[in-house]
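Reading through the structure tokens given below for one structure.
No lab work stands behind these numbers, since they all come straight from the coordinates. Given the structure is predicted, the values throughout are model-derived calculations rather than measurements. Because the Cβ atoms are built from the backbone with ideal geometry, glycine has one as well, and the counts that use them run over all protein chains shown.
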Amino acid sequence: MRGAVALLVLLFCLSGAWTQEESGRVRESDITQQGHSTERESRGSEATEVTGERVTTQPDIWDEMKGLRDMVIEQREKLRTMEGRVTTCEGEVETQKNTVMDLRIQLMVTKAKVAELEKDDAALEARLSASERELTTTRNDVEELKRQNTDRPKVAFSAAGLKDKGPIGPFNTDNNLVYTKVITNIGKAYSPITGAFTAPVRGVYYIRFTAAQYGLGYMGISMLKNGQATMSNYHYNSHGYWIHLSNGVILELEEGDVVYMRLPASYRLYDNSYNQNIFSGFLLFTV
């Protein structure tokens, strides 16, 4: 583009110089005609020769000027075309700038989202670490409980069978009850011979019973610990059909303490093969 502009300037300069030269020649011709009319006549043959030269030379210069003018017009057209292309390119550049700006904004938004996700990921990792620590603690507690459960003595019993069928009592004196049909006796702490449960270790135990009676009259039963009554239950059967008593108690027993059931004097029970009279207990935990 710079070369084209320089060429245009050069052409304009040449055109101006040609115009000045022509004007100078016209003025010189006028002065010569006004001041020396006689001399022009005497030199007629020479003027004719010069005129002949002008007539011969002038058409060549105009052809050149027309060629230069055509070149100028062509260059102007090229310049217009180039200006259009430049304008188009500038528009495309502006569009690309806007696109780049949009991409930068999107990149900033994406970075912000990534930062937020990283924060969330860090929070989740912290929660996961805390959960893993809690899980480890829980597992340790479970293992400790398993170990304690393994090391702890296992004690549980349940016995029935006061009599296969028929009434028990009434007697004139208290009578200890012996449950001869052993259902469960883990730890071998219950004796079906004496009817007594002997605590194998110091701990807290749950002891319970169920008593049955059939026929009119009073029924009663007591639980004793080392010869002392822990509880007693009584009831009067007024309709003569089956009635039952059930109760239980938590006892803290020392190793060797004895627990058993007793039928008080003047009271009765009734038993059969359906195990309606039960004496049971088990160790809750050692102390």
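Brief remarks on what is shown
- For ASN247, distant residues with modelled amide H under 5 Å away: PHE209
- Listed residues ALA196, TYR241, SER280: farthest to the positive end of the dipole of the stretch 156-286 (Cβ charges): TYR241
- Where trypsin sites (Lys or Arg not before Pro) fall in DSSP loop in the stretch 180-286, at most 16 other Cβ within 10 Å: LYS188, ARG202
- The H on the amide N of GLY217, modeled in the peptide plane, is under 5 Å from the matching H of ASN237, each at least 5 residues off or on a different chain.
- Pair ASN149, VAL258: separation of 7 Å Cα→Cβ label points (nm): 3.4 nm
- The local environment of VAL72, defined by Cβ-Cβ distances under 11 Å, has a net charge of +1 under the rule Lys, Arg +1 and Asp, Glu -1.
- The lysines within cross-link reach of LYS181, meaning a Cα-to-Cα straight distance under 20 Å and a gap of 8 or more places when in the same chain, are LYS163, LYS165.
- Cβ-based net charge around PRO200, under 15 Å, with every Lys or Arg adding one and every Asp or Glu removing one: -1
- Computed FRET value (nearest 0.05) for HIS244 with LYS188, which takes r as the C-beta separation and R₀ as 22 Å: 0.15
- Applying 0.36 nm per residue to the separation of TRP62 and THR198 and subtracting their alpha-carbon distance, the gain on full extension is 34.4 nm.
- By the beta-carbon count within 10 Å of each Cβ, the least crowded to most crowded order of PHE285, PHE279, fewest first, is PHE285, PHE279.
- Modelled label positions at LEU79 and SER266, each set 7 Å beyond Cα in the direction of Cβ, lie 14.4 nm from each other.
- Computed label-point distance, nm, for sites THR137 and ILE105 using a 7 Å Cα→Cβ extension: 5.0 nm
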